[in-house]
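Student: Handing you a structure now.
The values are calculated or read from the model by the stated rules, or taken from the named source; none is laboratory data. As the structure is a computational prediction, the values presented were derived from the model and not from experiment. Glycine also receives a Cβ, built like all others from the backbone with ideal geometry; neighbour counts cover every protein chain displayed.
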Amino acid sequence: MNQSDLLGTTFDCECGRRHTVPTRHLFYSEDAFTHLVDTVRSVAGGNDCLVIADTRTWEVAGETVETTLRSGNIRVNRFIVPDVAGESPAADDKTRDLMLAEAPPADILIGVGSGVINDLVKWIAYLRKKPYLIVATAASMNGYASANVAATIDGLKVLFHAEACQAVFATPGMIVHAPYELSTSGLGDVLAKSVSSADWKLNQFLFDDYYCQFSVNLLKDLEPVYLENPTRIRERDPAAFEALFQALFYSSIAMTITGTSSPASGGEHLISHTLDMLALRDNGKHDYHGRQVGVSSILMAALYETVMALEHPVFKPFPETINKAFWGSLSPVIEPEYRKKQPKMAQATAYLSQPDNWARLKALLQPNLVAAQKLKNCLSQAGAGHRYQDIRDNRQPLERDKLLSVVRHANEMRERFTILDLAVMLGIIPGEIEALVDRWITH
Ligand SMILES: [Zn+2]
Ligand SMILES: [Zn+2]
C-alpha cells in the first residue's frame, strides 16, 4: 500500500488499535498551490480565510498564497507575526496572546512557514476551534502533520496536544531552495528515528508499553534515499529532497496516529530539549531543533552499540536525586519527572539482571539498529551538523564541558525511559561518555 492512501482514513492496525489520520492531503508538486482554493472550500465551512506568516515566509510564499486564494474568490485576511527585537518570532504565550487579540476571525487558518509558524497556527486554530492548512516553506522539522504544539509557556518548554492540519502544501522549488541549514536540520530530526524507535521498543520490552511497528515502518521506503545517498541532499537533488520532506511528513503522521511522540523522539530529543531549557533559563539562544537532535542521534547510536556489546551487564546504583547544581532554577519542574522515572530504572535493573532477558533484549534491538558510523556519514556528507561544536549555543560553538554535563543529566528531565537511562544504569554515563563524545562527535 502507498502511504498516501492512508491520508484522511481510519483503519484497524496490527498493533491492535484503530488509527485515524486527520490530515487528508499532502500536495508536493510545483502546482501544489492550485489545490488551495478547492481544499479551503471543502474544509472551511465558510468563505473567510486567514493567512498567517512571518516577514520572511510572507515574502517566500505568503503573497502567492493570498493571490491564489483571491483569484478563487475566497475572502482573505492576513496576519504577519512580527519579529521581536530584530529576532524571528517564537512559539510562546506572548505571541499567542498577541495573535488571539489581533488576528482577524476566519473560518479557516492557513499557516505559511515551518517550525514556529506551524506551531503558532496549530495553537491558534486549536484555541479558536477552526481547521487549518499548512503551506510548508522548508523541510526543517517533523511537525507538519502532528497534533502536538511545541511551545514556551511561562518560560518553560512544553508539548501539548492540539489538532493536526487538514492538508499540507509544498512546492519542490521552494523546499529545495530553502536556507540550507533548515534542510539539514530536517535531516537531523528525521534521522533520530533510527534511535528513537529503538527506545520505543525498549519501553515495550521492559514495561509492556504500547508500541506500533506499522507506524515505525511508515518511513521504511523513504529512509534509504537519504541515508544511503546523503550527498544527494548536498547536491539539492529534487528526488532526495522529496524523500526527506515525505519522511518528515510521515514521521509526523506516525506521531499523530499513535498519540505519542515516541516514534520520532527518544534520548536524543531529551538532549535537545535540555539545551533549549537551559537557554531559556539563562536568557540565551539555542540552536535549531534538528541540528541538536542530529548530532545527539549519533551519540545515542554509539551508546546503543556500547550497551549492546556487553555480554554480562553489571548494573550500578543510579542517582537518587536530580543534580540541582546543573538544573538550578529548573529543579522544581525536573524533580517530579525524575521521581516518576526512578521506579522504572529499578524495575529495568531487576528485569535485565536476569541473563536470559539481557540476551533477549539484544536479539530484539540489534537487528534494527542503525550504526553510529552510518548516521555520522549521512550528516557529514550532507553538510549537516555532526560534531558538538556544530551546535550553536548563544551563537557560539557549544562547549565540550557544557555538552558533557547535558548528556550526563538529560535523562533526569522526562519520565520517558531511553538509552540514556540504560547507559546511566550501566555506568557508561558518566564512565565512558567522554571517550564516546571524543570518538563520535568531536571530529
Ligand atoms: Zn498501529
Ligand atoms: Zn524532533
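Student: Here is a list: 182, 219, 187. Which entry is touching a Lys or Arg at 6+ places or on another chain (Cβ under 7 Å) and either within 15 Å of ligand 2 (Cβ to nearest atom) or more than 30 Å from residue 350 (Cβ to Cβ) (or both)?
Tutor: Just one listed residue meets the conditions, 219.
Student: Which residues, counting only those in segment 83-100, are in contact with a strand residue (DSSP E or B) (Cβ under 8 Å, 6 or more places away or on another chain), in a loop (DSSP other than H, G, I, E, B) and not aliphatic (A, V, I, L, M)?
Tutor: Selection gives 83, 88, 89.
Student: So, in segment 17-29, of the ones that are of a type in the set (D, E, K, R) and farther than 20 Å from residue 247 by Cβ, which residue ends up nearest to ligand 2 (Cβ to nearest atom)?
Tutor: Residue satisfying both the conditions and the ranking: 17.
Student: Sticking with this one: Given the condition assigned to a helix (DSSP H, G or I) and under 26 Å from residue 188 (Cα atoms), answer yes or no: does some residue in segment 309-322 qualify?
Tutor: Just the residues of segment 309-322 that are assigned to a helix (DSSP H, G or I), to begin with: none.
No: zero hits.
Student: Do we find that residue 409 is in contact (Cβ under 8 Å) with a residue 60 or more places away in the chain and touching a Ser or Thr at 6+ places or on another chain (Cβ under 6 Å) in this structure?
Tutor: no
Student: Considering only residues of segment 262-295 that are closer than 25 Å to residue 27 by Cβ and of a type in the set (Gly, Ala, Ser), which is farthest from ligand 1 (Cβ to nearest atom)?
Tutor: Result: 290.
Student: Would you say residue 57 is hydroxyl-bearing (Ser, Thr, Tyr), under 24 Å from the mean Cα position of the chain (by Cα) and surrounded by 13 or more Cβ atoms within 10 Å (Cβ to Cβ)?
Tutor: Answer is yes for this residue.
Student: If you go through segment 126-163 one residue at a time, how many are of a type in the set (A, V, I, L, M, F, W, C), over 19 Å from residue 52 (Cα atoms) and touching a residue at least 24 places away in the same chain (Cβ under 8 Å)?
Tutor: Adding up the residues that qualify gives 3.
Student: Here's something else I'd like to know. Can we say residue 293 is closer than 30 Å to residue 6 by Cα and either in a helix (DSSP H, G or I) or more than 14 Å from ligand 2 (Cβ to nearest atom) (or both)?
Tutor: Considered against the rule, which asks whether it is closer than 30 Å to residue 6 by Cα and either in a helix (DSSP H, G or I) or more than 14 Å from ligand 2 (Cβ to nearest atom) (or both), residue 293 comes out as yes.
Student: Can you name the residue in segment 264-290 that is outside any helix (DSSP H, G or I) and out of contact with any Lys or Arg (no Cβ under 6 Å at 6 or more places or on another chain) and is also nearest to ligand 2 (Cβ to nearest atom) among such residues?
Tutor: 265
Student: Additional query: For a quick check of your reading of the model, give me the residue pairs whose first member lies in segment 424-435 and is in a loop (DSSP other than H, G, I, E, B), whose second is of a type outside the set (Phe, Trp, Tyr), with beta-carbon atoms closer than 6 Å and at least 6 apart or on different chains.
Tutor: Correct list of pairs: 426/313; 427/316.
Student: Pairs under 8 Å by beta carbon, first residue free of Cβ contacts under 8 Å to residues at least 60 places away in the same chain and within 16 Å of ligand 1 (Cβ to nearest atom) in segment 16-30, partner β-branched (Val, Ile, Thr) and part of a strand (DSSP E or B), six or more apart or different chains?
Tutor: As it stands, the answer is 18/10, since those pairs meet every condition given.
Student: With the requirement that a residue be away from ligand 1 (no atom under 16 Å from the Cβ), charged (D, E, K, R) and in a helix (DSSP H, G or I), what does segment 194-230 give you?
Tutor: 199, 223
Student: Name the residues in segment 334-391 that are aliphatic (A, V, I, L, M), in a helix (DSSP H, G or I) and in contact (Cβ under 8 Å) with a residue 12 or more places away in the chain, would you? Outline the logic, then answer.
Tutor: Of all residues in segment 334-391, those aliphatic (A, V, I, L, M) come to 334, 345-346, 348, 350, 352, 359, 361, 363-365, 369-372, 375, 379, 382, 384, 391.
Narrowing further to those that are in a helix (DSSP H, G or I): 334, 345-346, 348, 350, 352, 359, 361, 363-365, 372, 375, 379.
Those that are aliphatic (A, V, I, L, M), in a helix (DSSP H, G or I) and in contact (Cβ under 8 Å) with a residue 12 or more places away in the chain: 334, 345, 348, 352, 361, 364, 365, 372, 375, 379.
Student: Pick from 230, 172: which is in the same structural domain as residue 146 (by TED's automatic domain parsing) and surrounded by 15 or more Cβ atoms within 10 Å (Cβ to Cβ)?
Tutor: Exactly one residue qualifies, and that residue is 172.
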